[in-house]
Amino acid sequence: MIPEPNFPANPNEFVGRKPQIESFRRLVQQGLAARRTISTAVLGDWGIGKSSLLLKLATICSEDNYKMLPVFLSISKELGNYLHFAESLLDRLGMTLIAERDLTARLRGEVQNWKLTRVNVGGLTLDRERPQFFLSSGSTLLRHSLSDAWTKFLRPANLQGAVFFLDDLHNLTSPTPEDIALVLRDQFQSFGIDGMNYSICFSAPSDYFGDIRHLAVPAVRFYSKFYLTIFTLEEIVDYVQAVFGANRAKSEGISRWLQEKTLGHPYFLAFICRQLATQAAGSPLECPQRLWPIIFEELGKEKFRTDLAHATEKELRLLHSLARSDNEEVSPGQFGSRFQPEYFRRLTERHLLVRTGRGRYKLYHPLFKLFLQGLKT
């Protein structure tokens, strides 16, 4: 296996997250028995492996003992509103159905025609000053089109249902995150009541539900939640064995060194293992500490300097102040009037800070702090 820190893991080479995978299998199995599958949320901070896990779970759905159609859609900020989201999701559903190996040639042709003529909101004048219009129109489009697809394609193809994997759902913010959470909950709950086994599995930051007000509590309860954190030592050993093909005895030593450097963060684990695999002469497991200065320099060039490329002068001063602080967590109030809470919010949105609680923040990783400490201010 070749480590690729900037891409989701290949599902066939996926390592770790066994508890979440087994939990998902149980949910799918229970859904087959009940004929409606619980929707799930994969939550975690930047680089923790949310997209990789979603892709892995998608491959599980298509296994012969489940026969659930996995429909994968990455949500970008350019998607805009709920109506555009609904249109994109239906396009992806059509493409996935056409590629389904068990679909007959006749059904495949009907799906292609359905993609062009499915129920839509054509002919309506879209008022971009009324965001609730996009929400209700997108909801109507999904309700009619997914009901149509269930009857025409999924049941004739003997598919047991479909799971819509929505990567980075937090990028869909129009009209508001709580409106989107509620309408998704209402839509997919109603599909289950009507006998259509549709569910969603989405990824978002760990505080996604924390930002939704109390009116959306039913939407929060609707999802089974997988919170991803750092890799355990056991998972790091499995990863090292997958990358270097070493036996467990040889893998444990370097795994402990990697745990010390990365704290088990999947992105940094993949980055360092890639550098070890490409730069080590002879066995990469025998000389990690000797190569560490070179690896850390490359990490600074490829990751940390890019992190800082768009930071303003005042944001850089705040980051350097945090790096010099003896406290791991800080609050805006500790800095008086020097740095307003807005700076902390912006840096959190860019994944340079992590919000650890109400009004509490820290730098996103100790390696980033070490890099900042080495920069001249």
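The values are calculated or read from the model by the stated rules, or taken from the named source; none is laboratory data. All values derive from a computational prediction rather than experimental measurement. Positions of Cβ are generated from backbone atoms using ideal geometry, with glycine treated the same way; all protein chains shown enter the neighbour counts. Heads up: the accessible areas ignore ligands, DNA and RNA and are worked out on the full protein's heavy atoms, side chains in. Shrake-Rupley method; radii C 1.70, N 1.55, O 1.52, S 1.80 Å.
What residues have an amide H closer than 5 Å to that of residue 226, excluding those fewer than 5 places away on the same chain, when H is modeled at 1.01 Å from N in the peptide plane?
41, 42, 43
Please compute the volume of the convex hull spanned by the alpha-carbon atoms of the range 138-248 and report it per residue in Å³.
Residue-normalised Cα hull volume stands at 156 Å³.
Which angle from 0 to 90°, rounded to the nearest 10, does the C-alpha axis of helix 18-34 make with the longest principal axis of the chain?
Its long axis makes an angle of about 10 degrees.
Measure nothing but the geometry: give the 0 to 90° angle between the long axis through the Cα atoms of 105-117 and the longest principal axis through the Cα atoms of the chain, rounded to 10°.
80
Under a plain spin-label model, where a point goes 7 Å from the Cα along Cα-to-Cβ, how far apart in nm are residue 313 and residue 33?
6.5
Would you pull out the residues with amide H under 5 Å of residue 74's amide H, same chain only if 5 or more places away, H placed 1.01 Å from N?
Sorted by chain and number, the residues that satisfy this are 167.
Residue 345 accessible area, nearest 10 Å², 1.4 Å probe?
Here the residue's solvent-accessible area equals roughly 100 Å².
Under the rule of at least 5 residues apart or a separate chain, name every residue whose amide H is placed under 5 Å from the amide H of residue 200.
39, 40, 164
Highest mean first, what order results for 234-241, 198-205, 151-158 on Cβ atoms within 10 Å?
198-205, 234-241, 151-158
Could you give the angle, 0 to 90 degrees to the nearest 10, between helix 313-324's Cα long axis and the longest principal axis of the Cα atoms of the chain?
60
Quote to one decimal, in nm, the extra length available between residue 4 and residue 358 on full extension: 0.36 nm per residue of separation minus the C-alpha distance between them.
124.0 nm
Nearest 500 deg cm²/dmol is fine: what mean residue ellipticity at 222 nm does the chain get from its DSSP H runs of n ≥ 4 alone, each adding -39,500 (n - 2.57), divided by its residue count?
Calculated mean residue ellipticity at 222 nm is -15500 deg cm²/dmol.
Cβ under 12 Å from residue 53's Cβ, residue 53 left aside: what net charge do those residues give with Lys, Arg +1 and Asp, Glu -1?
Surrounding charge for residue 53 is +3.
Got a sec to turn the phi values of the range 325-334 into Karplus ³J(HN,Hα) couplings, 6.51 cos²θ - 1.76 cosθ + 1.60 with θ = phi - 60°, whole Hz, x for Gly and Pro?
5, 7, 8, 5, 10, 9, 10, x, x, 5
Roughly speaking, what is the stretch gain from residue 194 to residue 279, that is 0.36 nm per residue apart minus the C-alpha to C-alpha distance, in nm to one decimal?
Value of the extension gain: 24.8 nm.
On a C-alpha basis, how far is the centre of the range 61-76 from the centre of the range 324-353 in Å? Whole number, if you could?
Measuring centre to centre over Cα atoms gives 40 Å.
Once you have a ≥ b ≥ c as the square roots of the Cα gyration tensor eigenvalues for the chain, tell me rounded if a/c is under 1.5, and otherwise prolate or oblate according to whether a/b is larger than b/c.
oblate
Could you tell me whether the range 1-85 comes out rounded, prolate or oblate from its Cα gyration tensor? Rule is a ≥ b ≥ c as square roots of the eigenvalues, rounded for a/c under 1.5, then prolate if a/b exceeds b/c, otherwise oblate.
oblate
Report the local net charge at residue 255: Lys and Arg +1, Asp and Glu -1, summed over other residues whose C-beta lies under 15 Å from its C-beta.
Neighbourhood net charge equals -2.
Work out how much length residue 65 to residue 98 would gain on full extension: take 0.36 nm times their residue separation and subtract the Cα-Cα distance, in nm to one decimal.
My answer for the length gained is 9.8 nm.
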